[in-house]
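The next block holds one structure in the form of structure tokens; read it before the comments.
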Amino acid sequence: MSRFTFLLLLILVGSATNAQLPETDWQPEADVAEASVEDGQLLLEENTWEHLGRIRWQQSNRQERLRLPGMTEAILLAIEAHEQLYGPLLDFEEFQQIADLPLELLRSWKPYIGMELSFKLRFTPEKSGQHQLLIRNRRILEAQQGYDPLRAAEGRSHYPGSPWHQLIRYRYDGHPLQLGLVLERDPGELPWHFSLALSGKGPGKSRWILGDMRYGAGYGLTINTGFYAGKSSDPLLAVPVSSGLRPAASAAEWQRFRGVGLQLALSHKLEYTVMLSFARQHGTVSTDVEKAGAGEINNLYVSGLFRTQTEREKWRQVGEFTAAQSLQWQYKNWLTGWSSVFHRWSAPFVVGQRPDQLHQFSGQQQWLNSVWWRYNWRNLQTYGEWAIDAQADQALIMGCLWPMHKNFGLQGSIRQYAARYQALYAQSLSARGQVQGESGILAGFWWEPARKWRLQALVDYYRWPWLRYQIDRPSGGYDRQFLLFYQQRKQAQWSLRLRSFTGERNRSEAGPLVDAHQRWQLRLLYRFQPHPLCEVVFGYQQSSQSSPEAAWGYGFWQSIRFQSENKKLSLAAQMILFDTDNFDNRLYIAERDLRYASSMPVLSGEGQRWVVLAQYKLGKSWDVGLRFARLRYFDREEVGSGLELIRGPQRSELKMQLGIRF
């Protein structure tokens with residue numbers, strides 16, 4: 001009780017103090033793309049309106065800018081012509097200097113555009129040839145079962161590598177070349193993950209990439225290997241957007257291609273992109289003729305961990321060739337395109353044995369084609385994509401985004417994905433992150449009833465025509481989201497998020513009976529600044545479910561960040577108290593982390609977690625960071641399971657980082 005009393009006192013003290021909100025420390029280098037679909041969507045909601053929900057104008061590309069409410073191709077061309085003549089826009093008020101740009105449109109953009117003067121100084125090289133080097137080490141301090149030397153001596157399963165997680169990231173920004181290099185080794189592993197990407201600009205607007213890359217086309221129905229957080233009630237994130245062709249020197253070991261990519265501007269309105277990839281993916285390949293047939297792929301391995309002998313047997317076992325191309329044409333307010341993707345693997349995929357796996361992909365090659373479009377009429381933006389695979393199974397998505405007024409707008413979409421439609425690298429709007437076997441209707445709105453208030457809401461109804469894991473009949477459900485933002489003053493901000501899932505689930509894994517299943521999530525967040533150099537955040541999150549048995553969980557947290565007047569020293573701390581009935585009510589709470597890093601642990605059971613970190617800039621070129629986090633449970637005497645088991649109720653993590661720019 002004393003812990004909760006202390007927390008309530010802190011909330012009361014914090015509510016009485018107000019000041020201006022500081023700049024965010026969000027960085028484009030963070031490995032957000034490594035999160036899962038569900039985790040990524042929760043991370044997005046955790047940072048809506050302050051992090052991913054705003055465009056950094058100096059860093060954004062044309063695709064991101066075209067997502068602004070009311071933005072058209074003609075308006076964007078006028079802005080680009082202004083920047084070529086007078087230089088980049090450094091302040092939001094400079095938009096008013098552009099001829100024929102409506103003032104009402106500018107007002108509707110203001111919540112979505114961040115104009116950070118320090119951004120250019122931090123990321124854009126002042127002269128050609130800037131180098132950036134990042135070295136990070138992290139480890140669990142307590143002894144884990146997998147590192148016990150007795151297990152290795154006895155020949156039992158163990159982790160042969162070091163308990164340190166090691167990351168080295170190098171980046172060179174020059175003209176016209178850019179180079180990215182990543183070396184990474186997870187705890188317990190022996191091999192290093194290696195990623196290299198070299199890119200450059202050619203004549204006109206053409207560009208090329210050699211090495212690791214991500215690729216996406218249209219609205220993601222055929223291929224989209226970039227980060228996509230899922231559906232959102234925020235209008236800036238409502239439309240599913242593909243990643244395009246991008247260099248991807250990353251620690252992520254899944255959904256990447258390795259080869260050569262080329263983007264050509266055939267004319268002012270016509271753009272052609274082609275990619276050829278020869279990659280080795282991780283997966284389980286069977287060689288037992290009696291059980292599954294020689295040389296058959298059972299599944300792809302996406303965790304990226306290769307510590308035990310079983311995991312190491314999946315290392316780069318699947319050869320993959322990918323050829324993808326797309327053609328994009330712009331004319332006035334029309335943007336339309338065609339994409340084609342061909343995959344071939346070193347062995348055929350086989351279908352699993354469970355009934356819900358009947359429509360899984362099988363075969364050795366895959367060919368997909370799609371046509372996609374977008375049309376802007378005044379403030380109304382419509383979009384869609386139609387895709388077809390080699391077996392003539394189809395997928396379709398269509399939608400619109402309509403800012404009817406500077407303070408009110410609507411969004412809506414429909415989708416229809418055939419049960420047998422196969423696209424292994426597709427990412428688009430869906431209930432569970434899979435573009436297959438689903439139909440749905442989504443509707444939402446955003447409204448600013450007063451100057452300091454903003455309301456966003458969304459409802460998504462979906463149906464699955466076939467069985468799914470732990471659902472032994474065709475089923476469906478609802479997903480509802482509600483977000484409320486209140487800017488109390490310039491000094492403080494409140495946000496409230498409600499979300500509910502209604503669907504179906506088996507009563508037990510062994511039984512065929514299906515019951516209704518409902519889950520609720522609530523998050524309340526309050527930010528304020530008692531001093532220009534200090535920020536404080538309070539939060540509360542709750543989760544509950546109705547089946548297979550009623551359960552709920554909650555968590556309180558508080559964080560504080562301090563920055564010195566010369567902005568060289570930054571200190572931060574965070575405390576979380578949580579209590580959940582089971583893992584189904586687990587909590588995802590974003591934590592303070594070092595520059596270029598992100599952390600959002602999964603919390604279940606009863607316990608507390610606290611984090612302290614310090615970052616210091618040594619001159620203009622060096623910065624160092626140190627972070628310590630400890631998780632302590634009140635309801636158990638052991639943490640983890642299997643080879644990650646820790647004898648004791650707590651787990652501590654140390655992270656160290658060095659950054660150099662020269």
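The values are calculated or read from the model by the stated rules, or taken from the named source; none is laboratory data. What you see is a predicted model, and the numbers here were worked out from it, not measured in a lab. Glycine also receives a Cβ, built like all others from the backbone with ideal geometry; neighbour counts cover every protein chain displayed. With ligands, DNA and RNA removed, areas are computed over all heavy atoms of the protein, side chains included. Shrake-Rupley method; radii C 1.70, N 1.55, O 1.52, S 1.80 Å.
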Euclidean distance between Cα centres, segment 255-331 to segment 518-597, Å:
37
HN-Hα couplings for segment 218-223 via Karplus (6.51, -1.76, 1.60; θ = phi - 60°), in whole Hz with x for Gly/Pro, come out as x, 10, x, 6, 9, 7
How much length would be gained if the chain were fully extended between residue 316 and residue 482, taking 0.36 nm per residue of separation minus their Cα-Cα distance, in nm to one decimal?
55.5 nm
Accessible area (Å², 1.4 Å probe, nearest 10) - residue 452
70
How about segment 545-654: which GluC sites (Glu not before Pro) there are in a DSSP loop, with at most 15 other Cβ atoms within 10 Å of their Cβ?
549, 565, 637
With a 1.4 Å probe and all protein chains left in place, how much accessible area per residue does segment 147-267 have, in Å²?
38
Express in Å², to the nearest 10, the accessible area of residue 466 obtained by rolling a 1.4 Å probe over the protein heavy atoms while all chains stay in place.
90
Placed amide H near residue 245: partners under 5 Å, 5+ positions off or other chain:
216
Give a residue-ordered list of calculated ³J(HN,Hα) values for segment 561-576 (Karplus: 6.51 cos²θ - 1.76 cosθ + 1.60, θ = phi - 60°; whole Hz; x for Gly, Pro).
9, 10, 10, 5, 5, 7, 6, 8, 10, 10, 10, 8, 8, 8, 10, 10
From the phi of every residue in segment 551-560, what ³J(HN,Hα) in whole Hz does the Karplus formula 6.51 cos²θ - 1.76 cosθ + 1.60 yield, where θ is phi - 60° and glycine or proline is x?
7, 7, x, 8, x, 10, 8, 9, 9, 9
In whole percent, and with a 1.4 Å probe on the protein chains, what portion of the accessible area of segment 324-415 is carbon and sulfur?
61
Of the listed pairs 205/332; 205/617; 567/655, which have alpha-carbon separations greater than 26 Å here?
205/617
Could you state how much accessible area residue 138 has, in square angstrom rounded to the nearest 10, with a 1.4 Å probe and all protein chains kept in place?
60
At 1.4 Å probe size, put 215, 172 in order of accessible surface, largest to smallest.
172, 215
Taking amide H positions as placed 1.01 Å from N in the peptide plane, with prolines and chain starts having none, which residues 5 or more places from residue 551, or on another chain, fall under 5 Å of its amide H?
545
Which far-off residues, 5 or more places away or on another chain, put their amide H under 5 Å from the one on residue 492, with H placed in the peptide plane?
19
Can you pull out the chymotrypsin sites (Phe, Trp or Tyr not before Pro) in segment 232-293 that DSSP calls coil and that have at most 12 other Cβ atoms within 10 Å?
none
In nm, give the distance between the simple-model label positions of residue 157 and residue 552, each being 7 Å from the Cα along the Cα-to-Cβ direction.
3.8
Accessible-area ranking of 332, 617, largest first, probe 1.4 Å
332, 617
Local electrostatic count at residue 211 - Lys and Arg +1, Asp and Glu -1, tallied over other residues with Cβ under 11 Å:
+1
Counted charge near residue 377, where neighbours are those whose Cβ lies closer than 14 Å (Asp, Glu -1; Lys, Arg +1):
+2
Quick check: pseudo-label points 7 Å beyond the Cα along Cα→Cβ at residue 332 and residue 661, how many nm apart are they?
4.5
Could you list the GluC sites (Glu not before Pro) in segment 237-321 that lie in coil according to DSSP, counting only those with at most 14 other Cβ atoms within 10 Å of their Cβ?
290, 313
With a 1.4 angstrom probe the carbon and sulfur portion of accessible area for segment 530-662, in percent, totals 55
Per residue accessible area of segment 363-463, 1.4 Å probe, in Å²
44
Rounded accessible area per residue of segment 495-563, 1.4 Å, Å²:
44
